[in-house]
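Enquirer: Please see the structure below; I have some questions.
The values are calculated or read from the model by the stated rules, or taken from the named source; none is laboratory data. Everything quoted here is computed from the prediction, not taken from an experiment. Cβ placement follows ideal geometry from the backbone for every residue including glycine, while neighbour counts extend to all protein chains displayed. Accessible surface areas use protein heavy atoms only, side chains included; no ligands, DNA or RNA. Shrake-Rupley method; radii C 1.70, N 1.55, O 1.52, S 1.80 Å.
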Amino acid sequence: MINYIKSEHYRLLRKKGLYVTSVIGLALIVAAAAVLYFTQNADPDFPYGTSLFFYSNVIGSGLLLMIIGLLFNLTLTGKDTAIVKQSISFGVSRNTIFWSKLMLTFIYFLLICVMGLALTIVLGERLLISEDQSVMNFLIASLNMVPIVVSGFFLIHVLKMLKVGDVYILIMLLFLFLFSGDLVRILFQSISGMNELYTFAPSTLLNENLMSFMAQDVQSEYRPWLTGIVMSVIVLLIGSRRFAKQEIH
């Protein structure tokens, strides 16, 4: 397994997409801060030149983070069918392939997320009007997002390994992370004991996290971790088993 990981790591570092995606992700943060900064300087009455507003745009970008995660995952799960088939023919197990690709892309995704988080705080505190407790609230809200975003990344990996098309993956992400709460609420609102189930839906958790942050009343939550862990375990177990049985053409 170690040799396969080294081989995949070497291939990953030679992929231009890894660097392009990283630069674009960080550039979007810089661009957002620059727009707020220059607008604030041009118009002293501009109400959004604050660190709170800047950070809220990041907290509200859960779906965008998952799209960036999709681009990261594509570096090793894109048009690699021939390479996967060759690896299997040389005796590399499917479990090794599945988990190695996940581990490598996930590590680099987490790394760019941490870099983006640090860059956001530096720009927010240096360029914009800083507000009391905004950094601490931003860190708490970001921590609440972690399990949901991670579960989304795992879902993307599984779907790519099972050769699901990118369009269908985007549709599923939109459903889970934008509309799932509304749908669950409609389906179970009349069922006693289950009418609050929608509060555990990914879209509900992301929306509530953003609203709490904007009200500067954000607190550490257990629901995102419960939902994220359950989703991650189910998705990875089903995905790894399906991939182990999938025919590679």
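Enquirer: Alpha carbon centre of the range 66-138 versus the range 41-64: separation in Å?
Expert: Rounded to whole Å, the Cα centres lie 24 Å apart.
Enquirer: Let me ask something else. Can you list the chymotrypsin sites (Phe, Trp or Tyr not before Pro) in the range 159-249 that are in a DSSP coil and have 15 or fewer other beta carbons within 10 angstrom? Intermediate results must be reported in sequence, preceding the final value.
Expert: On the way: sites: Tyr168, Phe175, Phe177, Phe179, Phe188, Tyr198, Phe200, Phe213, Tyr222, Trp225, Phe243; in loops: Tyr222.
Within the range 159-249, the qualifying chymotrypsin sites (Phe, Trp or Tyr not before Pro) (loop, at most 15 other Cβ atoms within 10 Å) are Tyr222.
Enquirer: Note down the relative contact order for the range 1-125 as a percent, whole number, built from C-alpha pairs under 8 angstrom at least six residues apart. Provide the component values of the computation, followed by the final result.
Expert: Values: 74 pairs, mean separation 55.7, N = 125.
After rounding, I find 45 percent.
Enquirer: Are there any helices in the chain, counted as whole DSSP H runs, that stretch 27 Å or more along their axis by Cα and score at least 1.0 on average by Kyte-Doolittle, and if so which? Don't skip to the answer; put the middle values down first.
Expert: Details: long enough: 16-42 (38 Å, 1.41); 94-127 (49 Å, 1.40); 134-161 (39 Å, 1.68); 223-245 (33 Å, 0.91).
Length and hydropathy pass: 16-42, 94-127, 134-161.
Enquirer: What fraction of the Cα pairs in the range 136-249, stated in percent, has a spacing above 17 angstrom? Walk me through the numbers on the way to the answer.
Expert: Details: 3900 of 6441 pairs.
When every Cα pair of the range 136-249 is considered, 61 percent fall beyond 17 Å.
Enquirer: Please compute the per residue accessible area over the range 115-249 with all protein chains in place, 1.4 Å probe, rounded to a whole number of Å². Let's see the in-between values first.
Expert: Working: 7450 Å² over 135 residues.
Spelled out: the 1.4 Å probe surface of the range 115-249, per residue, equals 55 Å².
Enquirer: Here is a follow-up. Any idea how far the Cα center of the range 189-234 sits from the one of the range 4-24, in Å?
Expert: 34 Å
Enquirer: Apply the Kirkwood formula to the chain: the hydrodynamic radius equals the inverse of the mean of 1/r over all pairs of different alpha-carbon atoms; give it in Å with one decimal. Intermediate results must be reported in sequence, preceding the final value.
Expert: Working: mean 1/r = 0.0508 Å⁻¹.
Final number for the Kirkwood radius of the chain is 19.7 Å.
Enquirer: Take a quick pass over the range 1-117 and tell me how many lysine pairs come in under 17 angstrom between Cα atoms, counting only ones 8 or more apart or on separate chains. Let's see the in-between values first.
Expert: Values: Lys6/Lys15; Lys6/Lys101; Lys15/Lys79; Lys15/Lys101; Lys16/Lys79; Lys16/Lys101; Lys79/Lys101; Lys85/Lys101.
The number of close lysine pairs in the range 1-117 is 8.
Enquirer: If you take the Cα atoms of the range 119-184, find Rg, then find the Kirkwood Rh from the mean of 1/r over all pairs, what is Rg/Rh?
Expert: Values: Rg = 16.7 Å, Rh = 14.5 Å.
Radius of gyration over Kirkwood radius for the range 119-184 works out to 1.15.
Enquirer: Also, quick follow-up: In Å, the Kirkwood hydrodynamic radius of the range 82-151 over pairs of distinct alpha carbons? Intermediate values should be presented prior to the final figure.
Expert: Values: mean 1/r = 0.0663 Å⁻¹.
One over the average 1/r among Cα pairs gives 15.1 Å for the range 82-151.
Enquirer: Right, here's the next one. Calculate the radius of gyration of the Cα atoms of the range 1-92 to one decimal place, then report Dmax, the largest Cα-Cα distance, as a whole number, both in Å.
Expert: Here Rg and the maximum Cα pair distance are 20.0, 66 Å.
Enquirer: Loop by DSSP (not H, G, I, E, B), at most 15 other beta-carbon atoms within 10 Å: where is the longest site-free stretch of the chain for trypsin sites (Lys or Arg not before Pro)? Numbers along the way, then the final one.
Expert: Working: sites that count: Arg14, Lys15, Lys79, Lys163.
That would be 164-249.
Enquirer: Rounded to the nearest 500 deg cm²/dmol, what is the calculated helix-only ellipticity per residue at 222 nm for the chain, with -39500 (n - 2.57) per DSSP H run of length n ≥ 4?
Expert: Working: 11 runs with 189 residues, N = 249.
Value at 222 nm, helices only, nearest 500: -25500 deg cm²/dmol.
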